[in-house]
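Participant: Before I ask anything, here is the structure I am working with.
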C-alpha cells in the first residue's frame with residue numbers, strides 16, 4: 001500500500017471563497033426548518049406510494065379491492081364485496097374502531113358479512129409519521145397507512161425522500177436547498193469545486209454524524225471558527241452567505 005503524507009490541498013480555501021461571510025446559526029436553523037416543512041408532504045406521498053406498492057406485491061387481490069373501492073358506489077353489492085376482501089387486512093392492522101363483529105366474520109370466513117358490517121362505517125386514513133394514535137370517532141374506522149409495512153421500511157421512505165432532496169439541491173452549481181435559497185445561504189466546497197453527486201450525497205449522510213452526538217455537535221455552529229458541522233468537515237464544505245449580485249465568484 002502506498003504511503004500517504006499529510007497534504008495542504010484539502011485544507012486550503014480557494015481564493016474566491018476567502019473572506020466570504022459564513023452563515024449564522026439562525027440562518028442555518030431557519031433554512032433547515034423550511035426544508036423540513038417542505039419535505040413533509042412529499043414524504044407522506046412517498047410513504048403512501050410505498051405502502052400501496054408493497055400491498056400490490058404481497059397481496060394483489062386485496063390491492064385490487066382497495067383500488068376498486070375508489071369507484072364502487074357506497075352500499076352497492078360491489079362495494080360490500082370489496083370491503084369484505086379488505087376486511088382481513090383491517091383485522092391484521094388492528095384498526096382503531098374496527099367492530100368486533102368484523103373480526104368474528106373474518107375468523108368464520110364469511111367475508112360478505114364482514115363487508116356488510118363495514119359498509120355502515122366511515123373510514124379515516126391516517127399518514128401520521130410520528131406514530132401517535134388518535135381514537136376513532138363513533139361509527140368510524142381509523143386506518144394507519146404506515147402500518148402496512150414495517151417501521152424500518154417506513155423510515156427508509158422518509159430517509160430516501162430527504163436524501164434525494166438534499167443531495168439534488170447541493171449537487172453541482174445549485175448549492176442551495178429551497179430553505180437555504182430563501183435565507184440567502186449556500187453550500188460551497190473549500191477548494192472551489194462544485195460538489196459531485198456522490199459528494200453531495202456523502203454530505204447528506206454526514207447529518208447522521210450530528211445525530212450520533214445527540215445534538216452536541218451542533219455546538220460547532222458557535223464553537224467552530226467557520227461554523228462547520230460534522231457533515232461539513234466530512235465533505236470539506238462550508239455554508240456561506242450568498243453575496244449580492246455583482247460580487248459573486250464562480
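Participant: Against the definition (surrounded by 13 or more Cβ atoms within 10 Å (Cβ to Cβ), under 17 Å from residue 121 (Cα atoms) and without any contact (Cβ under 8 Å) to a residue 12 or more places away in the chain), how does residue 104 come out, yes or no?
Facilitator: On the way: surrounded by 13 or more Cβ atoms within 10 Å (Cβ to Cβ): yes; under 17 Å from residue 121 (Cα atoms): yes; without any contact (Cβ under 8 Å) to a residue 12 or more places away in the chain: yes.
Against the criterion (surrounded by 13 or more Cβ atoms within 10 Å (Cβ to Cβ), under 17 Å from residue 121 (Cα atoms) and without any contact (Cβ under 8 Å) to a residue 12 or more places away in the chain), residue 104 qualifies.
Participant: Does residue 157 meet the test of being surrounded by fewer than 19 Cβ atoms within 10 Å (Cβ to Cβ), under 20 Å from the mean Cα position of the chain (by Cα), modelled with pLDDT under 95 and not in a loop (DSSP other than H, G, I, E, B)?
Facilitator: Details: surrounded by fewer than 19 Cβ atoms within 10 Å (Cβ to Cβ): no; under 20 Å from the mean Cα position of the chain (by Cα): yes; modelled with pLDDT under 95: yes; not in a loop (DSSP other than H, G, I, E, B): yes.
Against the criterion (surrounded by fewer than 19 Cβ atoms within 10 Å (Cβ to Cβ), under 20 Å from the mean Cα position of the chain (by Cα), modelled with pLDDT under 95 and not in a loop (DSSP other than H, G, I, E, B)), residue 157 does not qualify.
Participant: Tell me, which residue of the range 82-101 that is surrounded by fewer than 19 Cβ atoms within 10 Å (Cβ to Cβ) and in a loop (DSSP other than H, G, I, E, B) is modelled with the highest pLDDT?
Facilitator: Once the filter is applied, the top-ranked residue is 99.
Participant: On the basis of being surrounded by fewer than 18 Cβ atoms within 10 Å (Cβ to Cβ), outside the structural domain of residue 112 (by TED's automatic domain parsing), more than 27 Å from residue 162 (Cα to Cα) and in contact (Cβ under 8 Å) with a residue 24 or more places away in the chain, does residue 54 make the cut? Lay out the reasoning, then the answer.
Facilitator: Details: surrounded by fewer than 18 Cβ atoms within 10 Å (Cβ to Cβ): yes; outside the structural domain of residue 112 (by TED's automatic domain parsing): yes; more than 27 Å from residue 162 (Cα to Cα): no; in contact (Cβ under 8 Å) with a residue 24 or more places away in the chain: yes.
So residue 54 does not fit the description; no.
Participant: Looking at the structure I just gave you, is residue 162 in a helix (DSSP H, G or I) and touching a residue at least 60 places away in the same chain (Cβ under 8 Å)? Walk me through it before giving the result.
Facilitator: Working: in a helix (DSSP H, G or I): yes; touching a residue at least 60 places away in the same chain (Cβ under 8 Å): yes.
Considered against the rule, which asks whether it is in a helix (DSSP H, G or I) and touching a residue at least 60 places away in the same chain (Cβ under 8 Å), residue 162 comes out as yes.
The values are calculated or read from the model by the stated rules, or taken from the named source; none is laboratory data. If you're wondering where the values come from, they're calculated on a predicted model, not measured in any experiment. Neighbour counts run over all protein chains shown; Cβ positions are idealised from the backbone, glycine included.
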